[in-house]
Amino acid sequence: MILIAFAIFQRRITIGKLINPLMDITQTTRELSHGQLQTEIHSYSSIELQEMAEALNIFRETALQLEQANRDLKIANRDVMNFAFAASHDLKSPLKGILSLVDFLREDLEDKLDEGSQSNLNKIQTRVNRLNNLLNDLLAYAKLGKKHTPVETIEVEPFMHGLSDLYNIDDCLKFSIDSDVSFL
């Protein structure tokens, strides 16, 4: 009879001091892992259980920091997109004006422009169009997170020639492409 009473007593102690806290920690871990970061984490008398609770507190703090960082990143992305839209809009208007001025010069000086002047006007027009394309690309880049954009293959040589023309570096820098390049 004493053995049975002792066994019942031991069972209650085991359940009260070990199994119930383990079940509580398991439930707390489950809640935290499902994003319920306000879940209370209890303290325990056992050193091992205290360490587990401490680890859960660290997990929760890290998750809260990540949530805040994610909110901050969303705000920063929105700000970048707003800036890209505003910058693009504000810069496209003067570009249209420059193209109009080039057209007016061509009309007004049609018979008076030599080949060099015609070439310079063509360069202005080409570079303004490229800048306009860069602004469009800036907008597309700002929208990348908003929609799925398929990966595109580009020909490197024309791209490099375009850079060379855009920055007028024909005389001071030469590009050479030795092999096939893949960035995927």
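Heavy-atom accessible area per residue, region 26-114, 1.4 Å probe: how many Å²?
Values: 6710 Å² over 89 residues.
Using a 1.4 Å probe on heavy atoms only, each residue of region 26-114 averages 75 Å².
Ignoring aspartates and glutamates fewer than eight residues from Lys92 along the same chain, the ones with Cα atoms less than 16 angstrom from its Cα are Asp137.
Taking a straight line from the alpha carbon of Lys143, these aspartates and glutamates sit under 14 Å away, with near neighbours fewer than eight places off in the same chain left out: Asp79.
Here the simple spin-label model places points 7 Å from the Cα toward Cβ, and for Ser93 and Thr126 these points are separated by 3.0 nm. For the pair Ser117 and Leu163 in one chain, pulling the backbone fully straight at 0.36 nm per residue adds 14.3 nm over the alpha carbon distance.
Pull out the extension gain between Gln50 and Asn82, defined as 0.36 nm times the separation in residues minus the alpha carbon to alpha carbon distance; nm, one decimal. Write down the numbers at each step before the final one.
Working: separation 32, 0.36 × 32 = 11.52 nm, distance 4.80 nm.
Full extension of this stretch gives 6.7 nm more.
Applying 1/(1 + (r/R0)^6) with R0 = 45 Å to the Cβ-Cβ distance of Leu101 and Gln68, what FRET efficiency is obtained, to the nearest 0.05? Given R0 = 45 Å and the Cβ-Cβ separation, E is 0.35. By accessible area, using a 1.4 Å probe on protein heavy atoms only, region 14-136 has 57% of its surface on carbon and sulfur.
The values are calculated or read from the model by the stated rules, or taken from the named source; none is laboratory data. As the structure is a computational prediction, the values presented were derived from the model and not from experiment. Cβ atoms come from the backbone with ideal geometry, glycine included; neighbour counts cover every protein chain shown. Just so you know, the surface numbers come from the protein's heavy atoms only, side chains and all, with ligands and any DNA or RNA stripped out. Shrake-Rupley method; radii C 1.70, N 1.55, O 1.52, S 1.80 Å.
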